[in-house]
Structures are given as C-alpha cells and as structure tokens.
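Encoded as structure tokens, the structure appears first; notes follow it.
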Amino acid sequence: MKVVIFIQEESDAKEILAWCQFFVGLFLCYLKILYGITLIILGLGMLVNGGLEVDKSKNTYRNFYSFFTIRIGRWLPCPDFDYVTVFKTKERDRQYESEPLQNRYYDIVYVNLFYGNKHITIFKSFSFDNALKVANQVKEALNIRLVNKYATLEGSEFN
C-alpha cells in the first residue's frame, strides 16, 4: 500500500499564537467560563492543518483536515494526473482597520496537480524552494512530469 501524504505548512507564529490562546483560555475558564471556552476553541481551531493524501494501491485521493494525528476527509477516485505545476502568483490581503480600505499583496507559490482541464491545489507556500521540493516528491511518487509556471505581476521575479 503506497500512500503519499502532503500536509500544508503553517507558520511558527500561528502555532505559538494558537497555543497561547489555548492556555489563556484555560486560565480564563476559572474566571469567566464563556470567555475561556471561546479562547480554547479558537486556539484549537488554529491548530487544524490541511493536506492531500493519495493512496496508489486503491487509486483514490482525499483532501483532508488534520488535527494532530487525526485526518478527516472523503476519499474520491483518483483521476489520471497529467502533470504537476509550480505556480507563483500574488494573493490579496485586505486591511479593514484602516480608512480607506487598503489591499496588501504578497507572493505565494502553488503546487497543483492537473488532469484534463481541472486541477487540485495540493500545497501553498511562501517559499519557492519548499514548493519545488514538494512538487518533486509528487512527481516521483505519481510518476508524472513537472512543469514550472512562473506567473509574475508587476514585474516581480523569483530571487
């Protein structure tokens, strides 16, 4: 049974913030139970990761949500993947607290699996090297070709 698993990377700051919320929530349970339970739920919710799992023996895949070692997701029949791509683009993050409304753009790299005219996004990263490493693992595991697509906005390039 050959199972390939890719778990979405999360920043260390987000994990630290989640644990801080959890422990502050535990402390607040003694003072105000509603505030404490709210912070505990928010902290545990921030610890949920996403990912993709491919089972080559059963020819199925699933997008899952992971909470520590528990993975939840529905298994779907695996299509014949044509190729895997590494694609750089920009994502928008809106700043709602300032007036007027401001948009902040940041570079992000996607790893997608293509089949026919459809695709599955399996990995998002701020680092091109991490995305390329995952794409090479997918290429070797699924025995498909790797295509690098560089989408640049406003003339930005990979460094």
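The values are calculated or read from the model by the stated rules, or taken from the named source; none is laboratory data. What you see is a predicted model, and the numbers here were worked out from it, not measured in a lab. Cβ sites come from the backbone with ideal geometry, for glycine too, and all protein chains shown count toward neighbours.
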Given the conditions (1) more than 25 Å from residue 19 (Cα to Cα); (2) of a type outside the set (Gly, Ala, Ser); (3) assigned by TED's automatic domain parsing to the domain that holds residue 22; (4) surrounded by 15 or more Cβ atoms within 10 Å (Cβ to Cβ), every one holds for residue 128 apart from (3)
Residue ID - modelled with the highest pLDDT, chosen from residues in the stretch 134-159 that are among the small types (Gly, Ala, Ser) and either on the phi < 0 side of the Ramachandran plot or not in a loop (DSSP other than H, G, I, E, B) (or both):
135
Residues that are farther than 19 Å from residue 67 by Cα and assigned to a helix (DSSP H, G or I), drawn from the stretch 27-41:
27, 28, 29, 30, 31, 33, 34, 35, 36
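Condition check ((1) of a type in the set (A, V, I, L, M); (2) in a helix (DSSP H, G or I); (3) at negative phi; (4) modelled with pLDDT of 85 or more) across all residues:
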site: 4; (1), (2), (3), (4): yes, no, yes, no
site: 74; (1), (2), (3), (4): no, no, yes, yes
site: 86; (1), (2), (3), (4): yes, no, yes, yes
site: 92; (1), (2), (3), (4): no, no, yes, no
site: 98; (1), (2), (3), (4): no, no, yes, no
site: 108; (1), (2), (3), (4): yes, no, yes, yes
Name the single residue that is surrounded by the most Cβ atoms within 10 Å (Cβ to Cβ) among those in the stretch 31-73 being of a type in the set (D, E, K, R), under 17 Å from the mean Cα position of the chain (by Cα) and within 21 Å of residue 119 (Cα to Cα).
53
